[in-house]
Each structure stands twice: as C-alpha cells, then as structure tokens.
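Have a look at the structure below before the remarks.
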Amino acid sequence: MKKNLALLLACSMMLGLTACGGGSKEASSAASEASTEAPAETPAAAEGETEAKAEGEDAAAEGAGDMDALIEAAKAEGELTVYGSCEEEYLSLACKNFEELYGIKTKFQRLSTSEVYTKISEEAGKPSADVWFGGTTDPYNEAVADGLLMEYEAVNAKNLISEDYKDPTNCWYGIYKGILGFMVNTEELERLNLEAPKTWDDLTKEEYKGLIMLSNPNTAGTAKLVINTMIQMRGHDEAMEYFKKLDQNINQYTKSGSGPSKMVGPGECVIGVGFLHDGIYQILQGYDNIELIVPADGTSFEVGATAIFNGCAHPNAAKLWIEYALSPDCVDHAKEAGSYQFLVLSNAAQPEEANQFGLDMNNTIDYDFEDAKENSAKYVEDFFNALGSAADSRFKTE
C-alpha cells in the first residue's frame, strides 16, 4: 500500500553551500604469481619478457606516482566546491565520502542541469564552483560547445565500458546511465477505467487530458532529452507538432527532471515522463501502485556525467574529484542514497535494484550526441515557439 509523503510539492533551490566531514585515504595493490610448470624459455625470449615486464612496472609506478602527486596537490589547495544535478541525497553522500577519503573540505549545491549551465554561462570563465556532478549530458554538451568545461585526460577513464560514455575531447565523463520512459499510477488508471500508455503517441490521446506531468526544458536536462529524442525519432517539424498535441494533456511541467516521478505515487499525476530509475526509488519507498513502462516505439537514455569548470579556483582538487567519480569509491555508494542508475564503469558493482525491474536498455535509439550538442538550445526555443501562448504558468521554475 502506498504511503503518504509530506511536502511533495515543495521544490526549491538550495541557497547555501553545505560542507561535509573529513578523513584520509589508503592505497592498495595486488600481486600475481607465475606458474612453476611453465616450459623453459630461450635466453632471448626470457630477456625480452623481462624487459617488457620492467617497462610495465615502470609505467605502473609512474602512474601511481602521478596520482600521488595529484592527491598532494589537491590537498594543498584544501577545498572543493561541487554543483550537483543528481538527487541531493547522492550528491551529499558523494561529497562527504570524498572529504573523508582525502581530507579536502568539500562544499556542494544542488541545481538542475539547466540551472548550472545558465549560472556558469553568466559567470563567463570565473565559475563559483569547481566541478559538476550528475545530471544528463545535453546541458554538459552545450557547456562544451561554449568552452565552459576543462579538458582533462582522466586515468580512471580506462574503466569506462565504452567510449560512448565520455566526451571526445575529455571535457566530461559518464558515471551512470538511465532509461527514459513512463511511470503510471495503476490505481488511478483503474479508477478512471483507462489503460496504461505503451508508446509516445499514446500520450497524446484525449483520454489522458490533464493527467500527465513532464519537466520544464528551461530548468531540467531531462526535458531537453525528451525534446532531442522526439526530434531524432520523428524529425524536427513532426516533433514540434507532437509537442503541441502532448501539451494539451500536460497538467504541469515540473522544475526538476525527477519531479514527475514524485507526483505519481500519491496521485498528484497519473502519468509521469522521466527516468525510470527515479520511479524505482519511489517504488522502493513504498509506492507499490507505480508501474514502469519502456515505450514500445523506442526511447533514449541519459548519460549522467561529471566535469571540471574552466577557470575553476581549485583545479587539482577538481581533477582528483574526476578520478574519484570514475571509481567504485564513489559510484558503488549511489544505491545507499537511493540512486539506482545503471553504472558505466567495468569495475563498479551494478545495484541489484536497477536489474530487478526488467527494464529493457536495448530498446533505445542511436542517440546523436553531436546534434544535441550543437542544437539543444535552438530546439528548446523552437519547442516554446511551437507551444506559443500555451507556455503558461504550468512551467514551474521553483
């Protein structure tokens, strides 16, 4: 039975920066043994293998030395400020753990991806934070195009499961991915004698008028992804016509991308459009009246990212944060804060919660990140132009 949550409609920007507690980190290593039954080698082969082994050990030692030097340089800077676009529980946990590992005072502020992009754009190369953590990559790509993010070749990027989960110029790195879909209140659908939507086109049916929530593309990267996805699936003009029809059924455009997921369980909306891992969180909170739906006609997925701001005050601490974010020290703890995304690091432990709901990560389009990087801002403008006077007070910014 679902439970009652208070203050579900209260969504406000965090005005202050919050600090975490401190500590230290220890390094660990492992050795391997050669088999005693190996056949004898010729002197030349043995010499070649010895040289190769020595070179490998030298490279490993150099890499470890570089990381040790980075840690010391980061500690000398002594502090780090993080803008986070993931859920605040995960942001807080990640920052606290970083501070405990390295003894670097870590402050954070939770802002939506579009808010971060707008803020650093206005700061014009003098950012008030050092790094960006979490949130879908479309606003990150806009920041790359504007020269707002720093290139950094991360050592731990070697653990990414695919090159698809990083910016080609090393301006951002992926840490998780999540699939875009629908969350529906099964009790309300039954009460209204309605079937659950199965496709994107289903959402435009007249029977769903006033029952749907989506996020605001002016404040949420999730909504930007929806716009880019429809354009890539349908073409620009057809997508704009689609949004005009969909708008007739939208009850509210929430400030944050996770906003609709929080409204479905208590019945504030019947159908929420967003990332299904947010729905998983709500189900595990006790809302057993929520069903998760992967659109049958295809969908897309977000890559949650992390990046360094160009001109940041603490560049070494920022680089160390990137190495940390690309490690199990960070991502393996996401589920402890109720974040159940699929992880994109080969040495990370996938949360069981991300697998148990049978979400089909294969029913996704071949998302064009370059098109999104070049045109997201224009597409959002086109979206609002298409809606015209319909773009009213339903678009929340608080």
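Considering LEU194, LEU189, the condition of being part of a helix (DSSP H, G or I) and open to solvent by less than 60 Å² (accessible area, probe 1.4 Å) is satisfied by LEU189 alone. What do you reckon, is LYS373 over 30 Å from CYS269 (Cα atoms) and out of contact with any Ser or Thr (no Cβ under 8 Å at 6 or more places or on another chain)? It is true that LYS373 is over 30 Å from CYS269 (Cα atoms) and out of contact with any Ser or Thr (no Cβ under 8 Å at 6 or more places or on another chain). In the stretch 182-190, is there at least one residue being out of contact with any Leu (no Cβ under 6 Å at 6 or more places or on another chain), in contact (Cβ under 8 Å) with a residue 60 or more places away in the chain and more than 22 Å from PRO266 (Cβ to Cβ)? No, the stretch 182-190 contains no residue that is out of contact with any Leu (no Cβ under 6 Å at 6 or more places or on another chain), in contact (Cβ under 8 Å) with a residue 60 or more places away in the chain and more than 22 Å from PRO266 (Cβ to Cβ).
Just one of the numbered conditions (1) loosely packed, with under 15 Cβ neighbours inside 10 Å; (2) touching a Leu at 6+ places or on another chain (Cβ under 8 Å); (3) under 27 Å from GLU190 (Cβ atoms) is not true of ASP297: (2).
Evaluating ASP138 against the criteria (1) in contact with a Ser or Thr (Cβ under 9 Å, 6 or more places away or on another chain); (2) closer than 19 Å to LEU326 by Cβ; (3) assigned to a helix (DSSP H, G or I) leaves one unmet condition, (2). Say whether the condition of being surrounded by 24 or more Cβ atoms within 10 Å (Cβ to Cβ), closer than 30 Å to ILE104 by Cα and of a type in the set (Val, Ile, Thr) is met by at least one residue in the stretch 304-320. Yes, that holds for at least one residue.
Consider TYR367 carefully, then state whether it is open to solvent by less than 50 Å² (accessible area, probe 1.4 Å) and farther than 24 Å from ILE175 by Cα. If you could, list the steps in order and put the result at the bottom.
On the way: open to solvent by less than 50 Å² (accessible area, probe 1.4 Å): yes; farther than 24 Å from ILE175 by Cα: no.
So TYR367 fails the test.
Considering the conditions (1) at pLDDT below 95; (2) among the aliphatic types (A, V, I, L, M); (3) over 24 Å from PRO217 (Cβ atoms), ALA124 is excluded by exactly one of them, (3). Where helices (runs of 4 or more DSSP H) sit wholly within the stretch 291-398, those with at least 3 residues that are at pLDDT below 95 occupy 352-355, 369-387. One residue stands out among those in the stretch 74-103 that are hydrophobic (A, V, I, L, M, F, W, C) and in a helix (DSSP H, G or I): the one that is nearest to the chain's Cα centre (by Cα), which is LEU91. Scanning the stretch 108-147 for residues that are open to solvent by 10 Å² or more (accessible area, probe 1.4 Å), out of contact with any helix residue (DSSP H, G or I) (no Cβ under 7 Å at 6 or more places or on another chain) and within 26 Å of GLY178 (Cα to Cα) returns GLN109, GLU115, THR118, LYS119. What residue, among those in the stretch 166-186 that are closer than 21 Å to ASP360 by Cβ and open to solvent by 20 Å² or more (accessible area, probe 1.4 Å), is farthest from the chain's Cα centre (by Cα)? Ranking the qualifying residues of the stretch 166-186, first place goes to THR186. The one condition from (1) open to solvent by less than 20 Å² (accessible area, probe 1.4 Å); (2) over 30 Å from MET230 (Cα atoms) that ALA334 does not meet is (2). The set of residues in the stretch 207-241 being free of Cβ contacts under 8 Å to residues at least 40 places away in the same chain and either in a loop (DSSP other than H, G, I, E, B) or exposed (fewer than 14 other Cβ atoms within 10 Å of the Cβ) (or both) consists of GLU207, GLY235, ASP237, GLU238. Among residues of the stretch 242-261 being in contact with a helix residue (DSSP H, G or I) (Cβ under 7 Å, 6 or more places away or on another chain) and part of a helix (DSSP H, G or I), the one that is surrounded by the most Cβ atoms within 10 Å (Cβ to Cβ) is SER261.
The values are calculated or read from the model by the stated rules, or taken from the named source; none is laboratory data. Being a predicted model, the structure only gives us computed values, none of them experimental. Cβ: placed from backbone, ideal geometry, glycine included. Neighbour counts: every protein chain shown. Just so you know, the surface numbers come from the protein's heavy atoms only, side chains and all, with ligands and any DNA or RNA stripped out. Shrake-Rupley method; radii C 1.70, N 1.55, O 1.52, S 1.80 Å.
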